[in-house]
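Structure record follows, encoded as structure tokens.
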Amino acid sequence: MHLQLETVAVFAPLLGGAIAGLFGKKIGDKAANFVTCTLMLASAGSAIALFYDILLKHDPRTVQLFTWISSGALNVSWALRFDQLATVMVAVVTVVSTCVHFYSIGYMAHDKARARFTAYLSLFTFAMLMLVTADNLVQLFFGWEGVGLMSYLLIGFWNEKESANSAAIKAFVMNRIGDFGLALGLMATFFLFHSLDFKDIFAHAAEMQNATIMFLGHGFGALNLICALLFVGAMGKSAQLGLHTWLPDAMEGPTPVSALIHAATMVTAGVFMVARMSPLYEYAVDVRMFITIMGGLTAFIAATIAITQFDIKRVIAYSTMSQLGYMFFALGVSAYSAAIFHLFTHAFFKALLFLGSGSVIHAMGGEQDMRKMGGLYKKIPHTYVMMWIGSLALAGIPLFAGYYSKDMILEADFARMGHVAHFAWVLGVAAAFLTAFYSWRLIFMTFHGKPRADKHTMDHVHESPPVMLVPLYVLATGATFGGWAFRKFFVGRMRFKFWGKSLFVLKGDNVISMAEHIPSWAGHAPAVVGVTGILVAFWLYMKATKVPGKIVKAFKPVHSLLFNKWYFDEIYHALGVVPAFVVGRILWKTGDGKIIDGLGPDGVARVVAKGSRETSKVETGYVYHYAFAMLLGVVAFITAYIFCVQR
């Protein structure tokens, strides 16, 4: 029974993707949707059963499938590691992906390549499941790269659009930068531990805490170096500051793709990987401090950008980046369970917000600019309520899921002594205010006030069909009740049994327990600033509607900085893209054209052609010329013969 549940949970999406991808044209779009959705239901059902079996009955296990690589000291098995951490991830991924699959039936109803789309969704899900159930770093890397490949195909799904192609390439390239660090981290891990199996690595982590590795001519703390390189990979996948610019551009893909990538799968891979490697990160204190700083800056800067955007999906995309920042600075202070708890709740309310925004876009005939919306709450009341629930959870309002997980992160961060942790806490509280503000800015601009769309568009606004609304109800249930229902397991009194040995924290360093003793004002601060952010948004966008424009004019330079995303894209273009094109043109025109081709094939061809032209001049047509040439040949032959005989 165990083997059946585990294999169905992981491989059912692969089977669905293969059938839809290989036979979609033969069986038709409806059959492809039926097959993939049915198999995703089977996967999600198995994952929920495993959630109960492994997490609540405390029965983790590893299923060995076969030996994958055996070469000298490198022995890698293909296995499914279903411990507590993996089981949480599998449940989240499969449930959210199932909702996205069903939602896509309605959202993509008029697309000409529905079978291909649903095949990509299923294969994406399978790659993520391989990543989170990996029993070694090679298998994790396989899933990691699989997710990257499928995200490229999904973001660029509407490949007739130049913007979609550019966004897909950008996501692929930015992730390759991060993946280079991850690959180096894997190599360094094998060099130090002579193994890539988690069991062997974790068993000897404590012994290696003082080991050093020579890198670029300098000696580095081995675990610090490995963890830093692995974190570079996490920065790319989870869109941390510096490698984040692909994330908002990924909105060029269909909205179900946005929900799948930004909620429970690709962007959380980095968070999962750091949590999985907690036995190493616990001894890499300097790296964890860096992660804390990067997480705090990411949470704050992404929130400042979100308050100025008008594309409904981009606002939610920057919200994703900001929430990932929270997860990372929780990891940085060793609050691994709080980070995964926020990942768990975030999956529900962020998928709800993305699919809800897709319902708005569907109702508006493809329009995504909030400046062209307004007055929609009467037209699409179900979507309106769902967006309220998602926004309440995102803003961390009490009783909703985000309140329990986000507050736990900030409390744990405050409990951690030190300037770095408190710096991140201040940024986190500021980001909480901005989160509530831009969430209700979105609600008020989209659903309230006077309609700003033309009459024809407003006359055709309609509620989404049940196949799109039912997944919203499922996600709304998680966004409403997921926090208080699971708090005691993830970060409460039952957390030690719940997590077992899947997360590692050094003794005497449990910030979750320390968070219970922080001052009450620090514990209430996130909720207070959240409510304040909602009230400020209400005043600016419902009462004093002319004030936002005056603020923009009064602080034009600041607004331009935030609206243009702190000019990261422009800086990267100037420092990276333009020099790359210049160097590329020099190598193309000079290196390849003039040197390689000029001295190589083109040069040889020119010499042969010139020689042929000169030789052709001998072809005069006069017999005495040919006789003279023959005589010269005979003289040369005799001379050569005499010379050789004499030697």
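Evaluate 2.2 N^0.38 Å with N set to the residue count of the stretch 111-250, then give the Cα radius of gyration divided by it.
In units of the 2.2 N^0.38 Å rule of thumb, it is 1.22.
Go through Thr94, Val285, Tyr107 and say which Cα lies farthest out towards the positive end of the charge dipole of the chain; charges sit on Cβ, +1 for Lys and Arg, -1 for Asp and Glu.
Among Thr94, Val285, Tyr107, the one farthest towards the positive end of the dipole of the chain is Tyr107.
Give, in nm to one decimal, the length gained when the segment between Ile177 and Ala485 is fully stretched (0.36 nm per residue of separation minus the Cα-Cα distance).
Gain in length upon complete extension: 107.0 nm.
For the stretch 401-536, what does the alpha-carbon gyration tensor say about shape, rounded, prolate or oblate, given a ≥ b ≥ c as the root eigenvalues, a/c under 1.5 as rounded, and a/b over b/c as prolate?
oblate
Can you list the HN-Hα couplings for the stretch 465-472, worked out from phi with the Karplus curve (6.51, -1.76, 1.60; θ = phi - 60°), rounded to whole Hz and with x for Gly and Pro?
Along the stretch 465-472, the couplings run x, x, 5, 8, 7, 4, x, 5 Hz.
Order the following by accessible area, largest value first: Leu631, Leu434, Leu280. Probe radius 1.4 Å; ligands, DNA and RNA are ignored.
Greatest to least solvent exposure: Leu631, Leu434, Leu280.
Using a 1.4 angstrom probe on heavy atoms only, work out the carbon and sulfur share of the accessible area of the chain in %.
Carbon-and-sulfur percentage of accessible area, whole number: 69.
Apply the Karplus parameterisation 6.51 cos²θ - 1.76 cosθ + 1.60, with θ equal to phi minus 60°, to every residue of the stretch 505-521 and state each ³J(HN,Hα) to the nearest whole Hz, in sequence, with x for glycine and proline.
Once θ is set to phi - 60°, the couplings for the stretch 505-521 become 9, 4, 4, x, 10, 8, 6, 5, 5, 5, 5, 5, 10, 6, x, 4, 5 Hz.
Mind giving me the nanometre distance, one decimal, between the label points for Asp509 and Glu463, set 7 Å out from Cα along Cα→Cβ?
5.3 nm
List residues of the stretch 158-184, by number, whose backbone nitrogen lies under 16 Å from a label position 7 Å along Cα→C-beta of Val577.
Residues 162-175 fall inside that zone.
Only loop residues by DSSP count here, and only those with at most 14 other Cβ atoms within 10 Å; note down the trypsin sites (Lys or Arg not before Pro) in the stretch 514-611 that meet that.
The qualifying sites are Lys546.
Tell me, what is the percent relative contact order of the stretch 38-127, built from C-alpha pairs under 8 Å that lie six or more residues apart? It would help to have the intermediate numbers written out before the result.
Values: 74 pairs, mean separation 25.6, N = 90.
Taking the mean separation of contacting Cα pairs over the length of the stretch 38-127, I get 28 percent.
Jot down the radius of gyration and Dmax of the stretch 495-636, Cα atoms only, both in angstrom.
Rg, Dmax (Cα atoms, Å): 40.1, 115.
Please go through the residue pairs Lys57/Lys507; Lys237/Lys350; Lys170/Lys546; Lys372/Lys550 and name each one whose alpha carbons sit more than 27 Å apart in this structure.
Lys170/Lys546, as the Cα separations exceed 27 Å there.
Rounded to two decimals, what ratio of Rg to Rh does the stretch 466-536 give with C-alpha atoms and a Kirkwood Rh?
1.11
What FRET efficiency comes out for the pair Met214/Arg371, r = Cβ-Cβ distance, R0 = 56 Å, nearest 0.05?
0.50
Give or take rounding to whole Å, what are the principal axis extents of the alpha carbon atoms in the stretch 235-330, in descending order?
So the three principal-axis extents are 43, 24, 17 Å.
So how exposed is Ser70, as accessible area in Å² (1.4 Å probe, rounded to 10)?
Approximately 90 Å² for this residue.
How large is Rg/Rh for the chain, to two decimals, with Cα atoms and a Kirkwood Rh?
1.13
Which far-off residues, 5 or more places away or on another chain, put their amide H under 5 Å from the one on Phe215, with H placed in the peptide plane?
Excluding prolines and chain starts, which carry no amide H, the hits are Phe220.
For a quick check of your reading of the filter: which GluC sites (Glu not before Pro) in the stretch 99-197 sit in a DSSP loop and have no more than 14 other Cβ atoms within 10 Å?
Glu160
Against the 2.2 N^0.38 Å scaling, with N counting residues, where does the stretch 228-270 land? I'd like the Cα-based Rg ratio to two decimal places.
On the way: Rg = 10.6 Å, N = 43, 2.2 N^0.38 = 9.2 Å.
Working it through for the stretch 228-270, the quotient is 1.16.
Enumerate the amide H contacts of Ala79 below 5 Å, restricted to partners 5 or more residues apart or on another chain; note that Pro and chain-start residues carry no placed amide H.
Amide H to amide H, under 5 Å and 5 or more residues apart or across chains, Ala79 pairs with Leu65, Asp135.
Quick one: compute the contact order of the chain, relative version, from alpha carbon pairs under 8 angstrom and 6+ residues apart, as a percent. Let's see the in-between values first.
On the way: 1065 pairs, mean separation 79.3, N = 647.
Result for the chain is 12 percent.
Once the Cα atoms of helix 222-237 and of the chain are each reduced to a long axis, what angle between those two axes, in degrees from 0 to 90 to the nearest 10, is obtained?
80 degrees
Run through every distinct alpha carbon pair of the stretch 280-427 and return the Kirkwood hydrodynamic radius in angstroms, one decimal place.
Result for the stretch 280-427 stands at 16.1 Å.
Which value in deg cm²/dmol, rounded to the nearest 500, describes the helix-derived mean residue ellipticity at 222 nm for the chain, given -39,500 (n - 2.57) per DSSP H run of n ≥ 4 and division by the residue count?
Helices in the chain give a 222 nm mean residue ellipticity of -22500 deg cm²/dmol.
Would you kindly calculate the translational diffusion coefficient of the stretch 72-139, applying Stokes-Einstein with the Kirkwood radius from alpha carbon pairs, for 25 °C and a viscosity of 0.890 mPa s, and quote it in µm² s⁻¹ without decimals?
It diffuses with D of about 179 µm²/s by this estimate.
Roll a 1.4 Å probe over the protein chains and send me the accessible area per residue for the chain in Å².
Normalised by residue count, the accessible surface of the chain is 43 Å².
Let me check something: with ligands and nucleic acids excluded, how do Val604, Val93 order by accessible area (1.4 Å probe), largest to smallest?
Order by accessible area, largest first: Val604, Val93.
Take the alpha carbon gyration tensor of the stretch 178-259, find the square roots of its eigenvalues, order them as a ≥ b ≥ c, and report rounded if a/c is under 1.5; if not, report prolate when a/b exceeds b/c, else oblate.
prolate
According to the square roots a ≥ b ≥ c of the eigenvalues of the Cα gyration tensor, what is the shape class of the stretch 572-647, taking rounded for a/c under 1.5, prolate for a/b larger than b/c otherwise, and oblate for the remainder?
oblate
Could you sort Val474, Val271 by their accessible area in this structure, using a 1.4 Å probe and putting the largest first?
Details: Val474 70, Val271 0 Å².
If we order Val474, Val271 from most to least accessible, we get Val474, Val271.
The values are calculated or read from the model by the stated rules, or taken from the named source; none is laboratory data. Just so it is clear, the structure is predicted and the values come from calculations on it, not from any experiment. A quick note on method: Cβ atoms are made from the backbone with ideal geometry, for glycine too, and the neighbour counts reach across all protein chains shown. Side chains are part of the model used for accessible areas, which takes the heavy atoms of the whole protein and leaves out ligands, DNA and RNA. Shrake-Rupley method; radii C 1.70, N 1.55, O 1.52, S 1.80 Å.
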